[in-house]
Amino acid sequence: MRIKKVGVVGAGVMGSGIAALAASAGVPVVLLDVPGEEDRSLPAKRGLEKASKSKPAAFMDGARSALVEVGNTEDDLEKLSGCDWVVEVIVEQPAPKQALFARLEEILHDRAIVTTNTSGIPMSVLTEGRSDSFRRRFLGTHFFNPPRYLHLLEVIPTPDTDPDVLRTVEEFGDRVLGKGIVRAKDVPGFIANRLGVYGMVQALRLMEEHDLTIDEVDALTGPLIGRPKSATFRTADISGLDVLKDVTAGLAAGTGEDLSLPDWVVGLVDQGRVGEKAGSGFYRKEGKQIQTLDRRTGGYATQQKVELPELAALAGRPLEERVRGALELPGKHGAFSRALFARTSHYVLEHTPELAFDIVSVDRALERGYAWEAGPYRQMDALGAPRVREILAEQGLSEPELLAEAGGGFYREAAGGREFLSFDGGYEPVREAAGVLSLAPYRRGGRVLEENAEAALLDLGDGVALLELRSKMGTLGDGVIRMLHTAFERLEREGRAGLVIGHEDPRTFSAGANLMTVVGAVQQGNWKALEEMVGQFQDTVMGLRRAPFPVVIAPFGLTLGGGTEMSLHADLVQAHAELYMGLVETGVGLIPGGGGTKELLFRFTQDLQPYEDADPFEAVKRAFGVIAMARTSTSALEASGLGFLRPEDRITMNRDRLLADAKARVLDLAPGYTAPPPRTITALGREALGNLRYGAWSLHEAGQITEHEVAIANELAYVLAGGDGAPRTVTEQDILDLEREAFLKLLGTEKTQERIAHTLKTGKPLRN
Amino acid sequence: MNEAVIVSAARTPVGKGKKDGALASVHPADLSARVLREVVDRAGLDPAEVEDVLWGCAMPEGSQGLNVARLALLHAGFPVEVSGTTINRFCSSGLQTIAMGAQAIMSGMADVVVAGGVEMMSQVPMSGHHTRLHPQLLESYIGMGFTAERVAERWGVSREDQDAWAIRSQQRAARAQAEGTFDREIVPVTVQHERWSGAEKEVREVQVAQDELVRADSSIEKLSQLRPAFKVKGSGAGARPFAWCVSSGRRGPPATRRTPRGNAPPPGRAPSPSRARSRGSGRPASPGRPRT
């Protein structure tokens, strides 16, 4: 069955977030909540409104909120009759949930699937009194808040759940909603929260035993050991201390384990200091300064950076070394790290068979739900089983059965790929969902066609090659450019099907051109080299268009400047839904000089060409607005609205599928492929120049932009107008030449150089 | 030299420029025709007696393009022998037509002239469509808001002064509206409000007889909270609703004619063009003329 319409019952933060995600994916949603007094549907309306205004945004495109129909559970339950999947996200008590399911059973069609987002009530309790048919179509779907941004979706089948129903929900969650699916067993807290919360409670207790401050714990439990920057306490502040208290209480009740929080934490909740939403928690912000709680006094003092030479030495090292190093830190820091590692590892090892169907699910749950760089089993493998045994013994903990079986590690490489240790002691292959392409196997053996410090060319099979960006933040330096030219030459020579450009970084596709190189040449006054550099970048992006084979680019996350320019020149973009794309050159006092200005001008002008009387200046104005204001999308849908993506470009919801989808596009395009022909347009010259310059003039008159920003805007205007003459026919190269000249001219100004230096130093733009 | 007098005057209500404005979707030729007809009827004139219709319009393009004066008079049922011309002096276009009509009568070139104007900001945006500005004349295109900021700065008009002025104006308008002061000059306009359901169109006729945008509930407190409308650190915010109010509606046409031959006293003297111009003291320091 195909899920065509979704029902969400419960319009709280989670429910409206799920509704917003489904609507963002283009699926119509019915969102219901309890009735209000005057306006019967007010609670659901409020939920939708909050989701529309939430930051970060719950909707990928504000207009998609029109796909959500609101109502209340008394008058409008009928609206759910057309839904193929209804997810329950109401108050966390059995009776109201049971009552709702009883009514849903009457209303829904006989193939409709019902799931619950409960985080602790056993499924068997929730389906009490329901028919066999209902039970076959029932399971748990546990989203993480906020649903759009947290990748994990735990799926909890019951013994009665029909395998087809399970597959339908997993497929929909994976492909349409873009979530990373992990199957979990029906136990309190499932996998991620059960293990994550345990780790947090242990950290709180151990910090008292080892007399550590909040700043110290966060320094020891963050990126050092492959966890997010928010580490322990900042994470708690973001999710809310009240939530932490409720979740620990719920888990303790469900499991019978002691998960009580220290008194000082409970005290904070009682005082309403529940974290970010309350303005203070473990941290608070005073103006621009971050202050940390002193748990003894209850007061706040300026955050203290933990200065340990051993810590500094580990920064930037591979995870394996960092984890090992953390455990060997001197004094109380090492003692804390070892104790925490021992307790959490022991707990994970002991409880995995109870929570999960395999150890892979445990790793994936924590990687996807808590953004760990590597899950607990991968971390233990990094240390090696003997060292893990040693640390457990030191802490007086027994050796769990799974560890005893893990002679050769929890994972191992075999001829057919990676294998994991199963509960019965044997090894089984790690299975990716069909259509997920992960690069590790392609970086081995004969599959690396070319390689340099910034990029590699990998053989993805079926004649498709991948240009993998390996530079820091995906910056486009000389190595990437050389690799692209090598790829052009080699793919053509070998008659390959086509090229994918992409990589696997979790956050940044490309921060654009390498500004350091540019600054170096400016400092040497080597303008000839600079002109060549810009010219070569232009030729390279044009090469993407001219190549006799299809080039599909797969951008995701942060994609700026030159990264955007590459995307604009690919034959097709297969974008991840989370795409933060923009031509932000004006921020550093430049204009897009790598074809970005040209491409938007050509694209928008050509869009208007079929309309006889359309004002061609509208196209120029649109390009000017997007570039001058450095507009950056907050999603792929928004990137379409800004004109960075064309209607034929495609969006992948699930990041894990991005490269596989891009490869599939190459194979779609390859048969009978011909390169797009060169284009010409009419540039408006003086006719456009006055309008654009007036725009810059009036922004300056309004006090919104500086004089140098007027100068930048005027250079941009000159390029987009195709110069200051009469309207004329221009080729792509004509505009590229103007782009290059304007870029270099601005680069020669003191103010632009100040901007670049400032951005390189602080990472922020300078408005001079 | 003949004396010119105004013998009849009428206007439509002023409507909001937004899509939900009561008059927003009416064609400007319809609105114009409605007042043209009214103003000659009120004076007991035969339209054939009118020698010229002078019609002001600041953005004479789009729906108010071509020669909207001529189109409107034909639509009003005036005979084809009556001529019409569209006059542009931006915001003072309507005023300008009255001056020009008076000049025609005073110099003996015409006996009866209808002067007035139309502006539908809901249909033609400020500065119009398809603009092509001269790259060397940027400051000459300065908009009314920036001009106001410069004037305020030069003459030391504070934000408080402007807000107080705006409030007084709103309160006066509200009182006048409540007391029916405008009723005599306003020609009610019948508008067709449509509602579609599939291919079915439901039409409701609505009489619009009052100005929109008069805000009786406006207060100094509310105005002082508005952010500056034109400049980041500018003073002109309170002025904003008024700018829209004035320009988004349409100005009604007074009919101008030579001193009547009968015994009736002349209802009003036509303003002299030179006086009208001298009031435009808010000229900016720029080489250009304020765009209104």
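The values are calculated or read from the model by the stated rules, or taken from the named source; none is laboratory data. Since the model is a prediction, treat every value here as computed from it, not as a measurement. Cβ coordinates were reconstructed from backbone atoms using ideal geometry, including for glycine residues, and neighbour counts include every protein chain displayed. Protein only, heavy atoms only, side chains kept; ligands, DNA and RNA dropped before computing areas. Shrake-Rupley method; radii C 1.70, N 1.55, O 1.52, S 1.80 Å.
Among the listed pairs A:K4/A:K179; B:K18/B:K233; A:K288/B:K231, those with a Cα-Cα distance over 24 Å are B:K18/B:K233; A:K288/B:K231. Note on A:R103 and A:E618: the extension gain reaches 180.0 nm, defined as 0.36 nm multiplied by sequence separation minus the Cα-Cα distance.
When Rg and the Kirkwood radius Rh are both evaluated on Cα atoms of the range B:163-240, their ratio Rg/Rh stands at 1.17. A DSSP coil position with no more than 10 other Cβ atoms inside 10 Å describes the following GluC sites (Glu not before Pro) in the range A:635-692: A:E648.
Here each label is just a point 7 Å from Cα along the line to Cβ, and for A:R111 and B:M109 those points are 8.1 nm apart.
For the range B:128-153, a reduction of at least 40 Å² in accessible area between the chain on its own and the assembled protein chains (probe 1.4 Å) is found at B:H130, B:R132, B:L133, B:P135, B:L138, B:F146.
Compactness ratio of the range A:486-612: Cα Rg over 2.2 N^0.38 Å, N = residue count? Don't jump to the answer; show the numbers that get you there.
On the way: Rg = 15.8 Å, N = 127, 2.2 N^0.38 = 13.9 Å.
Rounded to two decimals, the normalised Rg is 1.14.
Compactness ratio for the range A:224-289: Cα radius of gyration over 2.2 N^0.38 Å (N = residue count) comes to 1.21. For the range A:578-620, the set of GluC sites (Glu not before Pro) satisfying both a DSSP loop assignment and a count of at most 13 other C-beta atoms within 10 Å is given as A:E612.
Per residue, how much accessible surface does the protein assembly as shown expose to a 1.4 Å probe? Answer in Å², no decimals.
Working: 47350 Å² over 1060 residues.
On a per-residue basis, the protein assembly as shown sits at 45 Å².
Assign one of three labels to the range B:40-125, namely rounded, prolate or oblate, based on the Cα gyration tensor with a ≥ b ≥ c the square roots of its eigenvalues; rounded applies when a/c is under 1.5, prolate when it is not and a/b is larger than b/c, and oblate otherwise. Here the range B:40-125 falls in the oblate category. Computed from Cα atoms, the angle from the helix A:732-747 axis to the main principal axis of chain A rounds to 80 degrees. For the range A:668-732, the extents of the C-alpha atoms along the principal axes are 55, 30, 14 Å, listed from largest to smallest. Taking the longest Cα principal axis of chain A as reference, the axis of helix A:385-394 is set at about 50 degrees.
For A:E531 and A:E504 in one chain, what is 0.36 nm times their gap in residues minus the Cα-Cα distance, to one decimal in nm? Walk me through the numbers on the way to the answer.
Numbers: separation 27, 0.36 × 27 = 9.72 nm, distance 3.19 nm.
Stretched out fully, the A:E531 to A:E504 stretch lengthens by 6.5 nm.
For the range A:490-518, backbone nitrogen atoms closer than 13 Å to the point 7 Å from A:A453 Cα along Cα-to-C-beta are found at A:517. Label-to-label distance for A:E432 and A:E171 is 2.0 nm, based on points extended 7 Å past Cα in the beta-carbon direction.
What shape does the range A:459-529 have by the C-alpha gyration tensor, where a ≥ b ≥ c are the square roots of the eigenvalues, rounded means a/c under 1.5, and otherwise prolate means a/b greater than b/c and oblate the rest?
On the way: a/c = 4.88, a/b = 1.68, b/c = 2.90.
Oblate is the answer for the range A:459-529, as a/c is 1.5 or above yet b/c matches or exceeds a/b.
Projecting label points 7 angstrom from Cα along Cα→Cβ for B:Q207 and A:R728 puts them 6.4 nm apart.
Ignoring ligands, DNA and RNA and using a 1.4 Å probe, state the total buried accessible area between A and B in Å², rounded to the nearest 100.
Working: alone 32400 and 16420 Å², together 47350 Å².
Chain pair A/B: roughly 1500 Å² of buried accessible area.
Looking at the P(r) of the range A:229-375, how many percent of alpha-carbon pairs lie beyond 27 Å?
Details: 3749 of 10731 pairs.
So the portion of pairs separated by more than 27 Å is 35 percent.
Rounded to whole Å, the principal axis extents of the Cα atoms in the range A:142-276 read 52, 31, 27, largest first. Computed from Cα atoms, the angle from the helix A:241-255 axis to the main principal axis of chain A rounds to 40 degrees.
Computed from backbone phi with θ = phi - 60° and the Karplus coefficients 6.51, -1.76 and 1.60, the 3J(HN,Hα) list for the range A:291-306 is 10, 10, 5, 9, 5, 7, 9, x, x, 10, 9, 3, 4, 9, 6, 7 Hz; x is used for glycine and proline. The calculated pair-distance distribution of the range A:545-607 uses every alpha carbon pair, bins of 10 angstrom beginning at 0, and gives 22, 50, 27, 1 percent. Using the Cβ of A:R175 as centre and a radius below 13 Å, the other residues enclosed give a net charge of +1, where K and R count +1 and D and E count -1.
Electrostatic bookkeeping for A:V362 treats Lys and Arg as +1 and Asp and Glu as -1; over the other residues with beta carbon under 14 Å from its beta carbon, the sum is -1. Taking every Cα-Cα distance in the range B:48-89 and sorting them into 10 Å bins from zero, the calculated P(r) comes out as 33, 51, 16, 0 percent.
Each 5 Å bin from zero up to the one holding the largest Cα-Cα distance in the range A:629-751 carries the following percent of pairs: 2, 9, 12, 14, 16, 15, 11, 9, 8, 3, 0, 0.
Computed from the C-beta positions of A:L760 and B:D183 and an R0 of 60 Å, the FRET efficiency is 0.30 to the nearest 0.05. Based on the Cβ-Cβ distance from A:E741 to A:R389, what FRET efficiency comes out when R0 is 56 Å, to the nearest 0.05? It comes to 0.25.
Panel note: the C-alpha atoms of the range A:1-89, placed on their principal axes, show extents of 34, 31, 20 Å (largest first). Its DSSP H runs of at least 4 residues, each contributing -39,500 (n - 2.57), put the calculated 222 nm mean residue ellipticity of chain A at -13500 deg cm²/dmol, to the nearest 500. Per the Debye formula on identical point scatterers at the alpha carbon atoms of the range A:593-676, with no solvent, log10 I(q)/I(0) at q = 0.15, 0.27 Å⁻¹ is -0.73, -1.26.
Set the Förster distance to 22 Å, then compute FRET efficiency between A:A63 and B:S25 from the Cβ-Cβ distance, nearest 0.05. Once rounded, the FRET efficiency stands at 0.40.
Measure off, as a whole percent, the carbon and sulfur share of the 1.4 Å-probe accessible area of the protein assembly as shown, all protein chains present.
Working: 24390 of 47350 Å².
On the protein assembly as shown, the fraction of accessible area on carbon and sulfur atoms equals 52 percent.
Of the DSSP beta bridges with both residues in the protein assembly as shown, give the percent that are antiparallel, rounding to the nearest 5. Counting only bridges with both partners in the protein assembly as shown, antiparallel ones make up about 50 percent. Mind checking the log10 I(q)/I(0) for the range A:440-486 at q = 0.13, 0.14, 0.18 Å⁻¹? Debye, one equal scatterer per Cα, no solvent, two decimals. Log-scaled intensity ratios, in q order: -0.26, -0.30, -0.49. Ignoring lysines fewer than eight residues from A:K745 along the same chain, the ones with Cα atoms less than 27 angstrom from its Cα are A:K528, A:K598, A:K621, A:K761, A:K764.
Please give the per residue volume of the convex hull enclosing the alpha carbon atoms of the range B:146-205, rounded to a whole number of Å³.
Details: hull volume 11.4 nm³, N = 60.
Measuring per residue, one finds 191 Å³ for the Cα hull of the range B:146-205.
Shape class for the range A:47-149, computed from the alpha carbon gyration tensor (a ≥ b ≥ c): prolate, with a/c not under 1.5 and a/b above b/c. The convex hull built on the alpha-carbon positions of the range B:86-215 has an orientation-averaged projected area of 14.6 nm². Once Rg and the Kirkwood radius are both taken over the C-alpha atoms of the range A:59-212, their ratio Rg/Rh works out to 1.03. Remark on chain A: Rg and Dmax equal 28.1, 85 Å (Cα only).
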